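The structure appears right after this line, and notes come after that.
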Amino acid sequence: MIYLLNEDAGKESFRIKGEDFKYLIKVRRHGVGDTLGFRNPHEIERLHIYRLQEIEARGAFFERVSSEILEIKAMKSLHIGWCVIDNKSVEKVLASLNEIGVEKISFVYCDRSQKNFKPDFKRYERILQASNQQCGRTQMMEFDTYKNIETFIENFPDTKVFDFTPKILACESDFTTVLIGCEGGFSPKEKEFLANQEVFRLNTPMVLRSESAALAVASKILL
């Protein structure tokens, strides 16, 4: 854990209890005299360092040592347009995409998306909060949805497309928006519409699942 989110962070002193107390004292086994980082979710760019002063039966008392503006975010920007897939598949890789530094994910309904799948943004945000605390990131990933690929491309005309094609993504490639299909890929109608976009694949003979493709492309561009 790099820091812990707490709405009392920034005060001269405060007391933690409940799940935070269990995690820091029972799981991480911090003791009196240890210093820990806290951030207030309403001013997440500021890092507060506190010293653990006292451990009680069900709580722990901290006093502030220092505060500074310290933002942690990716050096590049990447926006993924991701054709809608099962929430469970997204959840498996969301923390990893967050650690890599993906700035935004737009969930796009495409022809082969199952229309009963609806992105669970509240659950995603809880996963991201835990991920940020573990990796140190201070920027919250953004989410939105688009009703179809046409609308997404209209809003982001410079989008690159991951699909089956002879063109392999070069190591020096650098772009800010990419579209990744769902299981089964793009329909013939969608492929025809996307013919005017730059389409690429990765240098592998294996067929990647949608979530594997998202991880691989993000890693290639951001790391």
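Things worth noting here:
- Average projected area [Cα convex hull, region 32-118], square nanometres: 9.0
- Counting neighbouring Cβ atoms within 10 Å and putting the fewest first, the residues Asp158, Asp144 line up as Asp158, Asp144.
- Over 30 Å between alpha carbons, listed pairs Lys11/Lys92; Lys118/Lys191; Lys73/Lys191; Lys26/Lys122: Lys11/Lys92; Lys73/Lys191
- Once the Cα-Cα distance is subtracted from the 0.36 nm per residue extended length, the Thr35 to Ile168 segment shows a gain of 43.1 nm.
- Its Cα gyration tensor gives region 4-69 an equivalent ellipsoid, and the semi-axes of that ellipsoid, as √(5λ) in whole Å with the largest first, are 19, 12, 10.
- The angle between the Cα long axis of helix 87-100 and the main principal axis of the chain comes to about 70°, on a 0 to 90 degree scale.
- Taking a Cβ cut-off of under 9 Å around Arg201, the surrounding Lys, Arg, Asp and Glu residues balance to a net charge of 0, with basic ones at +1 and acidic ones at -1.
- Compactness of the chain - radius of gyration and Dmax, Cα, Å: 21.0, 66
- Once the C-beta distance of Tyr23 and Asn116 is scaled by a Förster radius of 35 Å, the resulting FRET efficiency is 0.50 to the nearest 0.05.
- Helix axis angle, 121-135 relative to the chain longest principal axis, alpha carbon, degrees: 60
- Long-range tail of P(r) for region 98-176 (Cα pairs > 18 Å, %): 57
- Modelled FRET efficiency - R0 25 Å, Ile2 with His42, Cβ distances, 0.05 increments: 0.85
- Taking GluC sites (Glu not before Pro) in DSSP loop conformation with at most 15 other Cβ atoms inside 10 Å as exposed sites, the chain has its longest uninterrupted site-free stretch at 72-171.
- Charged neighbours of Ala60, selected by a Cβ distance under 15 Å, balance to +3 (K, R count +1; D, E count -1).
Read-outs throughout are calculated quantities, based only on the coordinates presented, and are distinct from any laboratory measurement. Nothing here was measured: the structure is a model prediction, and the numbers come from that model. Positions of Cβ are generated from backbone atoms using ideal geometry, with glycine treated the same way; all protein chains shown enter the neighbour counts.
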